[in-house]
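Visitor: Please see the structure below; I have some questions.
The values are calculated or read from the model by the stated rules, or taken from the named source; none is laboratory data. Everything numeric here is computed off the predicted structure, so don't read it as measured data. As a convention, Cβ positions derive from the backbone with ideal geometry for all residues, glycine included, and neighbour counts pool all protein chains shown. Only protein heavy atoms, including side chains, enter the accessible area calculation; ligands, DNA and RNA are left aside. Shrake-Rupley method; radii C 1.70, N 1.55, O 1.52, S 1.80 Å.
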Amino acid sequence: MEVKKVAKKVAVSGVLIALAFIFSYVEVLLPFQLGIPGVKLGLANIVSLVALYLLDEKMAATITVVRVILTGFTFGSLYSMLYSMAGALLSLAFMIGAKRWNKFTMIGVSVLGGVMHNAGQLIMAAVVLKTVPFFYYTPVLILSGIVTGIMIGFLGKGIRERLVKLEA
């Protein structure tokens, strides 16, 4: 029985990694430009959020790291991978904490994740560029993290509800 559970978890993780990779590719193709550098929809973050709620923290972290590495090598550069990894890991850490605290809805966890993703990227930029003058950009990134976090949260909640119904 335990072997079946592990096999199912591995299979679901593989599907989620593939889905995140596809979402990343779709996002590369979308002409989503607000005139604000670095602001993206974050479609692949739906997968990290759903994994956190459907699987467990360790698998969500594994899926997130693999997604960032795959998309970084395929669609980006070493620097884009560094920024994405910083944002993804800080975001995931805060989402895990918020979920454990049990005071946030899935949408609230997603909003916190969106804001912290942008914070992680700003921190990485400060480290790489050895400067902090661009922190004036923080309010714009907080707002975009809130907006995209709400959208990702609603989508993730809907996906999770449908997947849970399939399991029943």
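Visitor: I'd like the residue in segment 1-19 that is surrounded by 12 or more Cβ atoms within 10 Å (Cβ to Cβ) and small (Gly, Ala, Ser) and, out of all such residues, is farthest from ASP56 (Cα to Cα).
Guide: ALA18
Visitor: Continuing with the same structure: Is it the case that LEU122 is touching a residue at least 40 places away in the same chain (Cβ under 8 Å), within 16 Å of the chain's Cα centre (by Cα), assigned to a helix (DSSP H, G or I) and at negative phi?
Guide: So LEU122 does not fit the description; no.
Visitor: Give me the residue from segment 123-133 that is open to solvent by 40 Å² or more (accessible area, probe 1.4 Å) and touching a helix residue (DSSP H, G or I) at 6+ places or on another chain (Cβ under 8 Å) and, out of that set, nearest to LEU82 (Cα to Cα).
Guide: Let us first name the residues in segment 123-133 that are open to solvent by 40 Å² or more (accessible area, probe 1.4 Å), namely 123-124, 127-133.
Now narrow it down to the ones that are touching a helix residue (DSSP H, G or I) at 6+ places or on another chain (Cβ under 8 Å): 123-124, 128, 132.
Details: ILE123: 11, MET124: 7, VAL128: 9, VAL132: 17 Å.
The residue in question is MET124.
Each row is one residue, and each column tells you yes or no for (1) among the basic types (Lys, Arg); (2) over 21 Å from GLY87 (Cβ atoms); (3) modelled with pLDDT of 85 or more; (4) assigned to a helix (DSSP H, G or I).
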{"residue": "LYS5", "(1), (2), (3), (4)": "yes, yes, yes, yes"}
{"residue": "LYS9", "(1), (2), (3), (4)": "yes, yes, yes, yes"}
{"residue": "ALA20", "(1), (2), (3), (4)": "no, no, yes, yes"}
{"residue": "PHE23", "(1), (2), (3), (4)": "no, no, yes, yes"}
{"residue": "VAL28", "(1), (2), (3), (4)": "no, no, no, yes"}
{"residue": "GLY35", "(1), (2), (3), (4)": "no, no, no, no"}
{"residue": "VAL39", "(1), (2), (3), (4)": "no, no, no, no"}
{"residue": "GLY42", "(1), (2), (3), (4)": "no, no, yes, no"}
{"residue": "VAL47", "(1), (2), (3), (4)": "no, no, yes, yes"}
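Visitor: Taking segment 58-81 only, how many residues are in contact (Cβ under 8 Å) with a residue 12 or more places away in the chain, open to solvent by 50 Å² or more (accessible area, probe 1.4 Å) and small (Gly, Ala, Ser)?
Guide: Adding up the residues that qualify gives 0.
Visitor: Has segment 109-117 got at least one residue that is in contact with a Lys or Arg (Cβ under 6 Å, 6 or more places away or on another chain) and under 16 Å from ALA51 (Cβ atoms)? Spell out the reasoning first.
Guide: Applying the first criterion (in contact with a Lys or Arg (Cβ under 6 Å, 6 or more places away or on another chain)) to segment 109-117 yields 109.
Okay, now just the ones that are also under 16 Å from ALA51 (Cβ atoms), so 109.
Within segment 109-117 (the criterion being in contact with a Lys or Arg (Cβ under 6 Å, 6 or more places away or on another chain) and under 16 Å from ALA51 (Cβ atoms)), the answer is yes, since at least one residue qualifies.
Visitor: Going by the structure shown, is PHE154 surrounded by fewer than 18 Cβ atoms within 10 Å (Cβ to Cβ), modelled with pLDDT of 90 or more and assigned to a helix (DSSP H, G or I)? Even if it seems obvious, please write down each step before you answer.
Guide: Details: surrounded by fewer than 18 Cβ atoms within 10 Å (Cβ to Cβ): yes; modelled with pLDDT of 90 or more: yes; assigned to a helix (DSSP H, G or I): yes.
Against the criterion (surrounded by fewer than 18 Cβ atoms within 10 Å (Cβ to Cβ), modelled with pLDDT of 90 or more and assigned to a helix (DSSP H, G or I)), PHE154 qualifies.
Visitor: Same structure again: So how many residues does segment 125-146 have that are without any contact (Cβ under 8 Å) to a residue 12 or more places away in the chain and among the aliphatic types (A, V, I, L, M)?
Guide: Initial filter on segment 125-146 (without any contact (Cβ under 8 Å) to a residue 12 or more places away in the chain): 126-127, 129-133, 136, 139, 143.
Still in the list and also among the aliphatic types (A, V, I, L, M): 126-127, 129, 132, 143.
Summing the residues that are without any contact (Cβ under 8 Å) to a residue 12 or more places away in the chain and among the aliphatic types (A, V, I, L, M) in segment 125-146 gives 5.
Visitor: Does ALA86 satisfy the criteria of being under 17 Å from ILE63 (Cα atoms), part of a helix (DSSP H, G or I), at pLDDT 95 or above and not aromatic (Phe, Trp, Tyr)? If you could, list the steps in order and put the result at the bottom.
Guide: Numbers: under 17 Å from ILE63 (Cα atoms): yes; part of a helix (DSSP H, G or I): yes; at pLDDT 95 or above: yes; not aromatic (Phe, Trp, Tyr): yes.
In short, yes.
Visitor: Would you say LYS103 is free of Cβ contacts under 8 Å to residues at least 40 places away in the same chain and open to solvent by 60 Å² or more (accessible area, probe 1.4 Å)?
Guide: Values: free of Cβ contacts under 8 Å to residues at least 40 places away in the same chain: yes; open to solvent by 60 Å² or more (accessible area, probe 1.4 Å): yes.
So LYS103 passes the test.
Visitor: A further question on this structure: So which pairs qualify, if the first residue must be in segment 82-97 and farther than 12 Å from ILE123 by Cα, the second must be surrounded by fewer than 18 Cβ atoms within 10 Å (Cβ to Cβ) and at pLDDT 95 or above, the Cβ gap must be under 7 Å, and the two must be at least 6 apart or on different chains?
Guide: Close Cβ pairs satisfying both conditions: ILE96/GLU57.
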